[in-house]
Amino acid sequence: MVHHTGNPIPPIPACAGIGLRSAHHQEVVERRPTVGFFEVHSENFFGAGGPPHRYLERVRAEYPLSLHGVGMSLGSVDPLNNQHLDRLAQLIERYRPGLVSDHLSWCSIGERYFNDLLPMPYTEEALAHVVFRVCQVQEHLGRQILVENVSTYLEFEHSTIPEWEFVAEVAQQSGCGVLLDVNNVYVNAVNHGFDPQTFLRGIPLGAVGEMHLAGHTVNHLDDGKRILIDTHNDLVCDPVWELFRVAVARFGRAPTLIEWDTDLPELDVLLNEAAIAQMILEQSDARVA
């Protein structure tokens, strides 16, 4: 297990942040934009040095940081990749992020990795398996992690637990937190025909440690139906903003990230999206007051 030394890590403020992408590295360090925090994909920094680390060190000196992983493969039946966890532990020790997260999915089998976050069956067996693995990860890292609900495009016939109950039970039984991806809730609600607010009501109060917002793509099928794809390549749509308002009203303020990974726009577009999220977070304070 890795234990951190020195002063406690300050939590990430319950403000809006953006993902730090290489196309914006130079502009970010020069402009020092007003934003609550930055989030990076952990695996992009598993190398020991080079320009990515030089920029991240400068950003980390000015802003809180969240590490968001895509390769932990929590739902896989492969043994946990200890080399991956060791590299993550080293990254955590180096940058002391306020939050560390990965996905409630799987992406490996037979030590071969796929470039996707694949869905899981929601069964009692899968639940026990994932809870055990999350506990192993937290023991290895010496800290709590957050797990994110993922977008899915099919459902397993033998699933016996609603997705929101599965996510809630993973958090309650393992002691991890939830990274609530509001866009993924909306995408799955449309794709699978449930009320997205039912999902939100199923997540325990106090479990949400971070929220994600992103754009998606609408694909129209030959039978007249539509399927939403979580592409992270567009502005947050109005229904997702409305669902975010409901989430903030239920869970209170939490660090909230604007995700944008493909067709990357100018930095100001991300900052403008973050400003909308920040306004909604602050409006929740006004309602409470």
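The values are calculated or read from the model by the stated rules, or taken from the named source; none is laboratory data. Keep in mind it's a predicted model, so treat the numbers as computed, not measured. Backbone-built Cβ (ideal geometry, glycine too); neighbour counts: all protein chains shown.
Go through the range 145-172 and give me each residue that's assigned to a loop (DSSP other than H, G, I, E, B) and either touching a residue at least 40 places away in the same chain (Cβ under 8 Å) or buried (at least 20 other Cβ atoms within 10 Å of the Cβ) (or both). Please lay out each step first, then the result.
Just the residues of the range 145-172 that are assigned to a loop (DSSP other than H, G, I, E, B), to begin with: 145, 149-162.
Of everything in the range 145-172, those that are assigned to a loop (DSSP other than H, G, I, E, B) and either touching a residue at least 40 places away in the same chain (Cβ under 8 Å) or buried (at least 20 other Cβ atoms within 10 Å of the Cβ) (or both) turn out to be Ile145, Asn149, Val150, Ser151, Thr152, Tyr153, Pro162.
Within the range 53-70, being at pLDDT below 95 and more than 18 Å from Arg143 (Cβ to Cβ) holds for one residue alone: Val70. The residue list Val131, Val147 contains one member that is touching a strand residue (DSSP E or B) at 6+ places or on another chain (Cβ under 9 Å) and either under 23 Å from Ala16 (Cβ atoms) or at pLDDT 95 or above (or both), which is Val147. Considering the range 82-124, the qualifying strands (runs of 3 or more DSSP E), each wholly inside and each with 1 or more residues that are at pLDDT 95 or above and hydrophobic (A, V, I, L, M, F, W, C), run over 99-103.
Being free of Cβ contacts under 8 Å to residues at least 12 places away in the same chain and closer than 22 Å to Ile12 by Cβ is the filter here; which residues of the range 58-82 pass it?
Step one: list which residues in the range 58-82 are free of Cβ contacts under 8 Å to residues at least 12 places away in the same chain, which gives 61, 79.
Within the range 58-82, Ala61 is the sole residue that qualifies.
Applying the selection to the range 251-289, what residues are of a type in the set (Asp, Glu), under 16 Å from the mean Cα position of the chain (by Cα) and at pLDDT 95 or above? Let's see the steps before the verdict.
Just the residues of the range 251-289 that are of a type in the set (Asp, Glu), to begin with: 259, 261, 263, 266, 268, 273, 282, 285.
When the remaining residues are screened for being under 16 Å from the mean Cα position of the chain (by Cα), the result is 259, 261.
Residue satisfying the conditions is Glu259 alone.
From the list Tyr55, Tyr63, the one residue that fits, being under 20 Å from the mean Cα position of the chain (by Cα), within 23 Å of Trp260 (Cα to Cα) and either not charged (D, E, K, R) or not in a loop (DSSP other than H, G, I, E, B) (or both), is Tyr63.
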